[in-house]
1. Can you give the % of DSSP beta bridges in the chain that are antiparallel, to the nearest 5?
2. Could you tell me what % of all Cα pairs in the range 163-270 have separations over 20 Å?
3. Just to verify a number: FRET efficiency for Leu5 and Ile363, C-beta to C-beta distance, R0 = 30 Å, to 0.05?
4. Treating only the Cβ of Lys, Arg, Asp and Glu as charged (+1, +1, -1, -1), what charge dipole size does the chain show about its Cα centre? Round to the nearest 20 debye.
5. When only C-alpha pairs under 8 Å and at least 6 residues apart count, what is the relative contact order of the chain, in percent?
6. For every helix of n ≥ 4 consecutive DSSP H residues, a contribution of -39,500 (n - 2.57) applies; sum these over the chain, divide by its total residues, and give [θ] at 222 nm rounded to the nearest 500 deg cm²/dmol.
7. Compare the Cα positions of Met307, Gln272, Ala319 along the charge dipole of the range 270-320 (+1 at Cβ of Lys, Arg; -1 at Cβ of Asp, Glu; about the Cα centre) and return the one farthest towards the positive end.
8. Compute the separation of the alpha-carbon centres of the range 93-131 and the range 250-320 and state it in Å as a whole number.
Amino acid sequence: MTQPLTILSDDERMLRDAVAAYAKERVAPRAAEMDAKAVMDTAIIKGLFDLGVMGIEAPTELGGAGSSFFSAILAVEAFAEVDPSVAVLVDVQNTLVNNAILRWGTDAQKKRYVPRMCTEWVGSYALSESASGSDAFALEARAEKRGDKYLLTGRKLWITNGAEAGLYIILANVDPAKGYKGITAFLVERSFPGFSVGKKEDKLGIRASSTCELILEDCRVPKENVLGEVGKGYKIAIETLNEGRIGIGAQMLGVARGAWEYAAKYAQERKQFGKTLADFQGIQFQIAQMATDIEAARLLVYNAARMKDAGVSFVKEAAMAKLFCSQVAERVSSLAIEIYGGYGFTKDYPVEKYWRDSKIGKIYEGTSNMQLATIAKLVMGGK
């Protein structure tokens, strides 16, 4: 019998429950302080490795959990309900960095890096630059072949996990004359000569998640650290981000759910005019609409993730999931603030953080306009 999308297997339920428990017990008490200081607690990162969520899809023989993409999505969603900053750290680790190494890496690269990614190293994915955001293939970072090494020069901006990472997937162009067909992916260790982490951005939301500049000054990268084929980095970038968008959809789903939980609870506790807010039909309708939007968002995310695991095309569904979930997260968290009233506008209460954290959903890993462009192209037959 065909199972509904939201019915989880025993393994999926165990993972989700373990993540939810860790998030509630370990992350929640630290979330406000990490947000205020804009720093990820190193004890939280260690706990993520101990929990086994930093290598969810990695095979067991390489130290991973040997689980599915859908399981990784469940983990991202559960973390985001408590702290979206922790969620995006786990998301980038699994859906961008680990997946790229597992899919395009050589056996030697997998043996060298995957065990470390599962047990000690945070990963980072570096595509964006000052002049190449949505126009990603306009990147100006260069890679010049010198003997048995490549020398990388340039600067990357807006790089998630930049401060904590031990390994970076960096996109640079080996032959600008070939345009995007010169773009190549490199596995760059933090200790490589010529590599450094620059400015850390002071952000509106997901503040505990580091967003940094990366500086490449003749960064020496062994030729063995080319990920995939030379000149095929554009393919890695496109296909990896298609998967990553489901992860961002899951993050925004978690944001919406977390904000809704607080709003629904508060509405049943706060009294005005001799009744709880939840006794007023206007508030009931808002809570109901929020819940409906969240359920629709969940179905989009779960469907896209299960399609990915099934090996069928999911590009349209991933774009739709990210687009819709980011809209729902912003709308639900904003309404949650309004239900709290003046209290919701203060940092003494949790809902304003969800709203701040929601805004990035429409921006990173492809803006909402880029998602709409992708969807339009696919639903209109490429016309």
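1. Values: 30 of 36 bridges.
Bridges in the chain are about 85 percent antiparallel.
2. On the way: 3431 of 5778 pairs.
Looking at the range 163-270, the distances longer than 20 Å represent 59 percent of pairs.
3. Values: r = 27 Å, r/R0 = 0.91.
That gives a FRET efficiency of 0.65.
4. On the way: 48 positive and 47 negative charges, 141 e Å.
Dipole size: approximately 680 debye.
5. Values: 745 pairs, mean separation 61.1, N = 383.
Worked out over the chain, it gives 16 percent.
6. Working: 12 runs with 185 residues, N = 383.
Rounded to the nearest 500, it is -16000 deg cm²/dmol.
7. Gln272
8. Cα centroid to Cα centroid, the span is 32 Å.
The values are calculated or read from the model by the stated rules, or taken from the named source; none is laboratory data. All values reported here derive from a predicted model rather than from experimental measurement. As a convention, Cβ positions derive from the backbone with ideal geometry for all residues, glycine included, and neighbour counts pool all protein chains shown. Quick note on the areas: whole protein, heavy atoms, side chains included, nothing else; ligands and nucleic acids left out. Shrake-Rupley method; radii C 1.70, N 1.55, O 1.52, S 1.80 Å.
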